[in-house]
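Encoded as structure tokens, the structure appears first; notes follow it.
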Amino acid sequence: MALLGGYVRVSSKGDRDPDRWLTVPQQREAIERWCRDHGHRLVDVRQDIYVSGASADRPNLEQLVEQIEAGNLAGIAVAKLDRFSRWLPHGVNTLRQTEVRMRSDGRILTTHTGSLPRTPDLGAMIDARERGAEVDSTAFRRVAEAAVDRVVVKQLEAGIDVGSDGEQPRASYCTYAADRMRGFGGESHRAPLSDFVDYPEFAAHYAKRFMSDDAMARQPAAIGDVVYEDLAGVDEELDIFKSVLERQQKQFADAFMTASSPGVMVLMMRNQHYPTEGDYIAALAPEIAKEYQRIVERDLILQVDCPDLPAERITNYVDVPFNEYLGIVERNIGELNRSLEGIPPERVRMHCCWGNYAGPHTRDPALRDLMSRLYEANVGTLVLPFGNPRHEHEIDVFREFPLPDDMAVVVGVIDVTTNWVEHPKLIAKRLVTAAEAIGDPTRVIAGTDCGFGTFWDYALVADEVVWLKLKALREGADLASEQLWR
């Protein structure tokens, strides 16, 4: 049990906040309920009334911070993270003093990796758009918002603490940016996965069972200067997600939105314009940064998807010397950091994986060869896959490469390529093992290996099974919490 203070803030008169549901009584009730449910003792609640989240003058918050510094409190509970600050960079100095981060404390938090299955009607609309057909924008938004509402409700019902919009309006996790930026067109011709080259029988089997219309092969290329001029696309997705969240009686502890990294855009949408690949990624970095800033400005955690870091070795850089491949990893992380300038690392998580498919994976680079480089990313949380038979053992890499003090890990304990539903006891075992390897259970968050719907027409797990898996994730996290904090 921890001794906690509670903090309540509203920024407008009439006891109402622009978030509409966050009245003073509602915030207090949410804080009291959370402390009661998680076995913590709430000893003091302070309120700053009619104070903007952008204001640094928060005397009651400062008093709680002083109590933490004096050792009288272990932390501060809020109804929602933006009660600290409407845009967290404004409050980052206070947050750093109190070490407020999205961490597990007394209970392992749960999340996932972003994409979730689309509904058939939304999938049909996205498919039509991808084939160049006209789709009524008003009708698309209505269907997309209904799909986001559906996945938000289902995540909350399953017990997810840190949820997303499931990437519902997007055609894919990585190439959606081509619809929002200028400079993309034509068709990419990227190298096949090494598993498909090494094992042709497997490639034929996989294509027959899972590839609906080689959607992943039909991606655009960079054919001109890449420029992010119009943010209407990301604004619409943000507006949909925020409006859906505001309608929910129950709320996530925090929410996130995914975005492509410069590196994965280079991997998936090949260069047909710039003199070199280095020139291409250098041009992408400051442009995609505009989307990153927008997501953080709307009070969401930014998740940058970086499967390129491991996957370049099994696609475009299969046969080059290993050190040359590692140089590409370092280049991509450097450009990612340039994209993240000005964004607090604690509001960014970075997802890496070896490809979202059930294959041999015999050429996957070892995680230990990448760890020191991953630690160079200016992010607060790593999202890594340990719920699969090829990489589960690599959780022990944290014993050799200790996690930096300012980082947490979303530990993938759910395989998103199989319809087996992991038993909660297996999930708990994996999480306890992770906590022991990392050495601090508060920096372990339970998650999935990758997304459940990385492309609109590519889902390896049936919709109903997705929610069973996420429910099992919550149950397993609760079992692990009992062991770790008993």
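The values are calculated or read from the model by the stated rules, or taken from the named source; none is laboratory data. The structure displayed is predicted, hence computed values, not measured ones. For neighbour counting, all protein chains shown are included, and Cβ atoms are generated from backbone atoms with ideal geometry for every residue, glycine included.
The residues of region 144-180 that are surrounded by 21 or more Cβ atoms within 10 Å (Cβ to Cβ) and of a type in the set (A, V, I, L, M), listed by number, are ALA144, ALA147, VAL148, VAL151, VAL152, ILE160, VAL162, ALA171, ALA177, ALA178.
Of all residues in region 323-331, at least one satisfies being of a type in the set (Gly, Ala, Ser) and free of Cβ contacts under 8 Å to residues at least 24 places away in the same chain. For region 234-261, residues that are hydrophobic (A, V, I, L, M, F, W, C) and under 14 Å from VAL151 (Cα atoms) total 8. Restricting region 223-258 to residues that are under 18 Å from GLY183 (Cα atoms) and in contact with a strand residue (DSSP E or B) (Cβ under 7 Å, 6 or more places away or on another chain) leaves a set whose member that is surrounded by the most Cβ atoms within 10 Å (Cβ to Cβ) is VAL226.
The single residue among GLU341, GLU330 that is under 19 Å from LYS290 (Cβ atoms), within 24 Å of the chain's Cα centre (by Cα), in the same structural domain as GLY380 (by TED's automatic domain parsing) and surrounded by fewer than 16 Cβ atoms within 10 Å (Cβ to Cβ) turns out to be GLU341. Between TYR274, TYR292, the distinction of being touching a residue at least 12 places away in the same chain (Cβ under 8 Å), assigned by TED's automatic domain parsing to the domain that holds GLY342, part of a loop (DSSP other than H, G, I, E, B) and aromatic (Phe, Trp, Tyr) belongs to TYR274 only.
Note on region 149-194: residues that are assigned to a helix (DSSP H, G or I) and closer than 16 Å to ASP235 by Cα amount to 4.
Of the residues making up region 230-271, those that are part of a helix (DSSP H, G or I) and within 17 Å of ARG331 (Cα to Cα) number 7.
Entry remark, region 144-163: residues being under 21 Å from VAL411 (Cβ atoms) and either aromatic (Phe, Trp, Tyr) or under 17 Å from the mean Cα position of the chain (by Cα) (or both) number 6 in total. For the residues GLY380, GLY355, GLY359, the requirement of being closer than 21 Å to LEU431 by Cα and in contact (Cβ under 8 Å) with a residue 60 or more places away in the chain singles out GLY380. ARG58 falls short on exactly one of the conditions (1) surrounded by fewer than 20 Cβ atoms within 10 Å (Cβ to Cβ); (2) at pLDDT below 80; (3) more than 29 Å from the chain's Cα centre (by Cα), and that condition is (1).
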